[in-house]
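The values are calculated or read from the model by the stated rules, or taken from the named source; none is laboratory data. Keep in mind it's a predicted model, so treat the numbers as computed, not measured. Note: ideal-geometry Cβ built from the backbone for every residue, glycine included; neighbour counts use all protein chains shown. All accessible areas refer to the heavy atoms of the entire protein, side chains included, with ligands and DNA or RNA removed. Shrake-Rupley method; radii C 1.70, N 1.55, O 1.52, S 1.80 Å.
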Amino acid sequence: MTEVARQEHVHKDVVILTGMSGAGRSTAANVLEDLGWYVVDNLPPQMLPQLAELALESKALDKLAAVMDVRGLTFFPALREGLEAMRQRGWAPRVVYMDSTDEALVRRFESVRRPHPLQGQGRLLDAIVAERTRLGDLRSEADVLIDTSGLNVHQLSAKVSQLFADHGERAPRLRIAVMSFGFKYGIPLDADLVFDLRFLPNPFWNPALRPLTGQDPAVSDFVLRQEGAADFLSRVQSLMEPMVDGYQREGRRYVTLAVGCTGGKHRSVAIARELATRLQGDGVGTILVHRDLGRE
């Protein structure tokens, strides 16, 4: 490969889309394709370096995505070797891992009435557990983890679009997804940092505020003026400064910061909105996600 070709690597995006069967890989792949990515489904990992070289020779293929999962069966264990081969050639592939709770996966497979790739004649849940075991190391090493448990198709499409729509020269070096959630619905699987806002008074107990959300000025003003709220926001902002610098030095592009309250409707929504504004800055873009807003 020529030196000019090597320098062009910085203009090429390579994403490996993987994760649990039923967690939404197909939806994510369709979104990437709509955004102009060249998507290859069920590619044998051994062919990753060749595919990347082919993309490098074509100026039209600036954004390349490969979907890989246990459908590849005997091929899939070679994924790590394929990724390492790409890195040795100067590429920096990013692994996006789609995950979901066992309960959500079982519900989805039962609704479409299709067998799990590892199910055979056994139980569906056993196949899901086996797949988690196979993918455990890959999940822990993923650059981006997307929890689709509580997302419908439209919400997942919107999240993937936010993460991957802008990768031009002016794109932020780090994207921080600031997520509000309710502890009653479980901690987000894809959270890198989790903060508990239940130390603040709950607007739920105010009859005038109960039917509103943290997006309404009345609730937002109530939450932000509570004792400890301003101090919490300032401390999280200060905490993130050295972490953001470190993430950027290490080449990490995505981080999920989750703030939770009881139901994910009032306190977490108001604080997440404020944090998203404060954390946006030079080289840093923020994405605001309200995971549980709208749930009963």
For 140, 238, give me the order by solvent-accessible area with a 1.4 Å probe, most accessible first, ignoring ligands, DNA and RNA.
140, 238
Whole-Hz Karplus ³J(HN,Hα) for the stretch 208-225, in order, using 6.51 cos²θ - 1.76 cosθ + 1.60 and θ = phi - 60°, x for Gly and Pro?
6, 9, 3, x, 8, 10, x, 7, 7, x, 4, 6, 4, 4, 4, 5, 5, 8
Taking protein heavy atoms only, a 1.4 Å probe, and rounding to whole percent, the accessible area of the chain owed to carbon and sulfur comes out at 50
Solvent-accessible area per residue for the stretch 78-122 (1.4 angstrom probe, square angstrom)
58
Suppose a student asked you for the relative contact order of the chain, using Cα pairs under 8 Å spaced at least 6 residues apart; what percent would you report?
20
Highest-first arrangement of 32-43, 88-99, where packing means the average Cβ count within 10 Å
88-99, 32-43
Which ³J(HN,Hα) values in Hz, rounded to whole numbers, follow from the phi angles of the stretch 106-123 under the Karplus curve 6.51 cos²θ - 1.76 cosθ + 1.60, where θ = phi - 60° and Gly and Pro get x?
4, 4, 5, 5, 5, 6, 8, 6, 10, x, 6, x, 9, 6, x, 9, x, 7
Summing +1 for each Lys or Arg and -1 for each Asp or Glu, what net charge is found among the other residues whose Cβ lies under 13 Å from the Cβ of residue 189?
-3
Starting from the Cα of residue 193, step 7 Å along the direction of its Cβ; do the same at residue 121; then give the gap between the two resulting points in nm.
5.3
Nearest 5 is fine: what % of DSSP beta bridges in the chain come out antiparallel, could you say?
5
With a 1.4 Å probe and all protein chains kept in place, how much accessible area does residue 102 have, in Å² rounded to the nearest 10?
50
Going by alpha carbons, how many degrees (0 to 90, nearest 10) lie between the helix axis of 79-88 and the longest principal axis of the chain?
80
For the stretch 187-231: rounded, prolate or oblate by the Cα gyration tensor [a/c cutoff 1.5]:
prolate
With a 1.4 Å probe and all protein chains left in place, how much accessible area per residue does the stretch 152-296 have, in Å²?
51
So in the stretch 14-136, what percent of DSSP beta bridges are antiparallel if you round to the nearest 5?
0
State the number of lysine pairs found in the chain whose Cα atoms come within less than 28 Å, restricting to pairs 8 or more positions apart or on distinct chains.
8
Mean separation of Cα contacts under 8 Å (at least 6 apart) over the residue count of the stretch 249-296, i.e. the relative contact order in percent, is 34
Using modelled backbone amide H atoms (1.01 Å from N, in-plane), which distant-in-sequence or interchain residues come within less than 5 Å of residue 63's amide H?
13, 38
Restricting to Cα pairs under 8 Å and 6 or more apart, the percent relative contact order of the stretch 36-148 works out to 26
Two-site label geometry, residue 114 and residue 158: point separation in nm, points 7 Å out along Cα→Cβ:
2.5
From the Cα gyration tensor of the stretch 82-204, with a ≥ b ≥ c the square roots of its eigenvalues, which class applies: rounded if a/c is under 1.5, or else prolate if a/b is larger than b/c, or else oblate?
oblate
With θ taken as phi - 60° and the coefficients 6.51, -1.76 and 1.60, list the Karplus ³J(HN,Hα) couplings across the stretch 254-263 in order, rounded to whole Hz; mark glycine and proline as x.
9, 9, 10, 10, 10, 10, x, 10, 5, x
